[in-house]
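The values are calculated or read from the model by the stated rules, or taken from the named source; none is laboratory data. Quick caveat, the model's predicted, so the values are computed rather than measured. All Cβ positions, even for glycine, are placed from backbone atoms using ideal geometry, and neighbour counts span all protein chains on display. Accessible surface is based on the protein model in full, side chains and every heavy atom, while ligands, DNA and RNA are left aside. Shrake-Rupley method; radii C 1.70, N 1.55, O 1.52, S 1.80 Å.
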Amino acid sequence: MSVLIDGLQYANWSEKIFRQMREGGVDAVHVTITYHETFRETVLQIEHWNRWFEQFPDLIFQGRTAADVRLAQETGRTAIFFGSQNPSCMEDDIGLIEILHTLGLRFLQLTYNNQSLLASGCYEDDDTGLTRMGREVVAEMNRVGLVVDMSHSGERSTLEAIEHSSRPITISHANPSNWHKALRNKSDTVLKALAESGGMLGFSVYPHHLKDGSACTLQDYCDMVARTADLMGVHNIGIGTDLCQDQPDSIVEWMRVGRWTKRIDYGEGSAAEPGFPEMPSWFADNRDFGNIRAGLRTAGMDDAEVDAVMGGNWLRFFEQSFGAKRPVKNTSARAAE
């Protein structure tokens, strides 16, 4: 049975949205639980999610392994996989990587637009690549099964993460810059390197990442997906909507400003349009994935290719990514003695 997986959402979660997930047949979602929060503040976010899991056990549950996606299908629920869009939650302590993974974190962005302790963000003038700590953290993430996400990172940092990581990485929510020039979208060089390494791109529906913004048509979006399949291969792409449903504008300010500046930073917005942009008419919530599926068929993809993009590729990536790396056995003569 085909699966439906969204590679990233950051909604203002509620019973309404959980029920819309079920109406839309969404089997699993990578959910942002933290941006600029410290480790302890991130734990509080997990507590909030634990309450939702208790309140709505017939709708959602915490996903930890790829097998949980199939469990979600079998039980008519949605598996929620935790992720962070900034490394603030690990503070400056590499030991917290394993603890965060134990708590259920499965994705961690090395940067959120700015320079971090680990790498350079896509808004920095000078992308200096992975830092010394960044290389160590990537290796530790590889060891425990925490996915490296470079959605908000600069080009050099992203390429170095792909090269340095011993496991495939993801760009969970972005689009090709050849389709729409945005600081957050990715060059053909990055997309080719990502595909060659077995990594995953999740196509964003967030208007600032779309050609013509909120007025982007479904067919233009789906034609872009089909063209990117030609560039990257159909098995290295999926959907990562970046859906921020029902969030107040104060949240987008927190995303952009955090604690790093006293001034307002408009990020991809502007002083004239500082808040969340209006979503395109064909994707307002989790009940609208069928529109994308139909659009991909119209763009020329066959059923198997559409199934892969709508969730099959993410499921395979989950299977490869969430478990700890097995230590290599010493098969030397000395070990045999």
| Å² of accessible area per residue within region 213-319, as computed with a 1.4 Å probe and no ligands counted | 45 Å²
| Within a Gaussian network of the chain (alpha carbon springs, distance under 10 Å), most fluctuating of A308, A193, A28 | A193
| field | Among H209, H48, H180, residue whose mean-square fluctuation peaks in a GNM of the chain (springs only between Cα atoms under 10 Å) | value | H48
| said: Within the chain, what whole-number % of the accessible surface is contributed by carbon and sulfur, with the 1.4 Å probe and all protein chains included in the calculation? | reply: 48 percent
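Evaluate the Kirkwood expression for the hydrodynamic radius of the chain, namely the inverse of the mean inverse distance over all pairs of different C-alpha atoms, and round to one decimal in Å.
Result for the chain stands at 20.0 Å.
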| field | Amide H contacts under 5 Å for I60, placed H, 5+ residues apart | value | T78
| message | For the chain, what does the helix formula give at 222 nm: sum of -39500 (n - 2.57) over DSSP H segments with n ≥ 4, over the residue count, nearest 500 deg cm²/dmol? | response | -11000 deg cm²/dmol
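Just to confirm the filter: which GluC sites (Glu not before Pro) across region 223-332 are DSSP coil and have at most 12 other Cβ within 10 angstrom of their Cβ? Let's see the in-between values first.
Numbers: sites: E253, E268, E278, E305, E319; in loops: E268, E278.
Filter output for region 223-332: E278.
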| request: Only Lys, Arg, Asp and Glu count, each charged at its Cβ (+1, +1, -1, -1), so figure out the dipole size of the chain about its Cα centre, rounded to 20 debye. | output: 680 debye
| field | Residue of S250, S321, S177 that the Gaussian network model of the chain assigns the largest fluctuation, springs spanning Cα pairs under 10 Å | value | S250
| For region 106-111, 3J(HN,Hα) per residue [Karplus equation, 6.51 cos²θ - 1.76 cosθ + 1.60, θ = phi - 60°, Hz, x = Gly/Pro] | 10, 9, 9, 7, 6, 8
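On average, how much accessible surface per residue is there in region 92-188, in Å², for a 1.4 Å probe, leaving out ligands, DNA and RNA? Numbers along the way, then the final one.
Details: 3560 Å² over 97 residues.
Each residue of region 92-188 exposes 37 Å² on average to a 1.4 Å probe.
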